[in-house]
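Working notes, beginning with the structure itself.
The numbers here are math on the coordinates, done by the rules we state, and not lab data. The model shown is predicted, which means the values in this text are computed figures rather than measured ones. In this analysis, Cβ positions are derived from the backbone assuming ideal geometry, glycine residues included, and neighbour counts consider all displayed protein chains.
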Amino acid sequence: MTAYQQSGIWAPHNPGQSGKASPADARRTNRSLIFSLLFPDVQLSRAELGRRTGLSRVAVSDVVNSMLSCHLLRENGRESNGGKGKRGTLLSVDPDTLHIISIDLSQPHLIQGEATNLLGEPVMHVEHALRAVNHVDFDTINEVITPLHAATQNVIGIGLAMPGVVDGNGLVKRSTLLGWRNVDVRTPIERRFSLPVTVNNDATAAMFTERLFGKGGPNMMFVRLRRGVGGAVLLGDVPVFGENHAGGEIGHISLDPQGPPCACGKRGCLERLVSATSLHARLQRSDERMRASILREAGTYLGTALSMPVGLLDLADVCVYGQSDIVNDTLLSAAQAQLDLLTGSSFHTRTIIRRCECEGEITLRGEALSVLHDYLENR
């Protein structure tokens with residue numbers, strides 16, 4: 001296994017393009033490799049880092065000293081072994097010196113923002129009610145960021161998570177829920193606050209939280225059932241964005257051409273069939289028996305949609321996030337049964353559909369972690 005592969009989700013997403021890695025590429029990879037061994041709360045000596053990574057003593061020392069100087073790591077005293085010789089100094093992630101600003105634009109009635117430490121843990125939280133549903137503009141975004149920025153020291157970047165298709169340059173190519181098309185989000189925010197800005201789809205951001213602090217593995221799909229249906233995929237611990245940065249977006253796959261009309265222009269999209277908004281509208285006017293039937297039908301639709309990426313990518317794990325009255329045993333059991341029916345074979349290990357383990361503001365935390373990833377990559 002190469003150092004790049006060992007780095008896991010902290011590996012650079014944009015390694016050198018030439019056949020031979022440059023010294024800068026090697027430093028980035030080594031930095032990510034060491035960080036991955038220590039994150040979030042592991043303590044290891046320089047010697048142990050060298051043994052686990054296969055890096056030379058000089059290489060470890062060079063990378064560690066650089067990370068200490070910029071407060072990514074800290075020293076924590078000596079090892080407590082009983083052997084002979086000098087005890088090594090223990091190193092760990094420094095969680096509290098550097099900070100990140102994370103903004104969640106995925107909710108219809110408000111914008112949430114947090115200043116976090118390097119573990120994505122909040123040190124300050126703000127909310128801003130929207131004047132109208134989905135009415136988000138740059139003035140409103142700036143009003144959320146400004147108090148966080150003013151009250152927080154050593155900010156390394158700003159992260160914005162939003163519904164829709166977002167490319168690698170911070171361009172929102174399309175957000176059906178926000179009504180945006182080809183909106184450059186990154187540039188005006190970077191100019192306003194003089195900080196690097198990372199922009200992600202909200203499901204991608206939330207997936208990072210489940211991967212790093214939940215039960216998510218390196219080959220997983222994250223699905224969020226909320227006002228829309230968002231999706232994101234990890235393959236070998238690398239996010240799958242696709243040619244148009246719409247990788248994992250299953251919400252606008254049409255499963256029923258005669259079904260209800262969707263805002264995207266098609267009919268019977270998964271978003272219209274299984275989103276929390278659509279299901280709540282149906283459940284509220286149904287009795288208990290009918291509610292169970294509605295959730296089983298939704299689970300069957302979900303399992304059908306998931307069978308395509310699961311079968312194509314051989315994913316081991318599908319994590320579904322949403323309110324407990326929607327993402328419950330009835331819906332998940334129906335989805336699992338349909339997925340088993342459509343993908344079961346002698347060469348395919350059973351893929352498990354499960355409820356997301358992480359709770360709370362997982363989008364804000366995941367977006368903060370994405371900012372940290374970019375900081376490590378571009379440092």
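Here are the numbers:
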item	result
Neighbour-count order for 264, 269, 356, fewest beta carbons within 10 angstrom listed first	264, 356, 269
Contour minus Cα-Cα distance for residue 68 and residue 187 (0.36 nm per residue)	39.8 nm
Residue 281 paired with residue 139, simple spin-label distance in nm, labels 7 Å along Cα-to-beta-carbon	3.1 nm
Least to most buried among 70, 319 (fewest other Cβ within 10 Å first)	70, 319
Base-10 log of normalised Debye intensity for the chain (one unit scatterer per alpha-carbon) at q = 0.11, 0.13, 0.15 Å⁻¹	-0.81, -1.08, -1.33
Whole-Hz couplings from phi, Karplus 6.51/-1.76/1.60, listed for segment 294-308; x for Gly and Pro	4, 5, 5, 4, 4, x, 5, 4, 5, x, 5, 5, 6, 4, 5
Cβ-based charge dipole, the chain, positive-most Cα from 40, 366, 151	40
Relative contact order of segment 160-311, pairs being alpha-carbon contacts under 8 Å that are 6 or more residues apart, as %	15 percent
CD proxy at 222 nm, helix term only [per DSSP H run n ≥ 4: -39500 (n - 2.57); per residue of the chain; nearest 500]	-12000 deg cm²/dmol
Value of Rg/Rh across segment 210-336 [Cα atoms, Kirkwood radius]	0.97
Dipole magnitude of the chain about its Cα centre (Cβ charges: Lys, Arg +1; Asp, Glu -1), debye to nearest 20	680 debye
